[in-house]
Amino acid sequence: MKLDLKHTIGERVREVRRQMGFTQAELAEMTDLSVSYISYIECGKKIMSVKTLIKIVDALNVTANELLYGQQKADASSYHIDMDLILSQCDEEQRRIIYLIANVILNSM
């Protein structure tokens, strides 16, 4: 199981953009990027430059760490995007093992 960083970061951009209530067109306008480029980033077809990353984090009012490493703000429900991404890249047996491990951890807390 190997995470594709372009997809991971793109998914995080999409999630934060949606949480903020922005369309791709609105984010594109705020960052002076094209709508198609925002779409490519969100779909994992393009990896953004540092300059573009700065424009996006400024527009979305998040930190680069939140987009690059998945460090979320206090809202624990926002971790679901990372879990969904991880699980989507697993086969059925891997998902079952992750489920069992999560249950053991929860029961031990």
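Read the figures in this text as sums done on the coordinates, not as results from a lab. Given the structure is predicted, the values throughout are model-derived calculations rather than measurements. Neighbour counts run over all protein chains shown; Cβ positions are idealised from the backbone, glycine included.
Assorted remarks:
- Gain upon complete extension [Thr23, Cys43; 0.36 nm per residue less C-alpha separation]: 5.7 nm
- Selection from Ile38, Cys90, Gln19 lying farthest towards where the dipole of segment 5-107 points positive, charges on Cβ: Ile38
- Legend: calculated FRET efficiency, Ile97 to Leu5, from the Cβ-Cβ distance at R0 = 30 Å, rounded to 0.05, equals 0.80.
- Each of Gln89 and Ile54 was given a label point 7 Å from its Cα along the Cα-to-Cβ line. The distance between the two points is 2.8 nm.
- Helix 50-60 vs. the chain, principal-axis angle (Cα, 0 to 90°, nearest 10): 80
- Calculated P(r) of the chain - Cα pairs past 24 Å, %: 30
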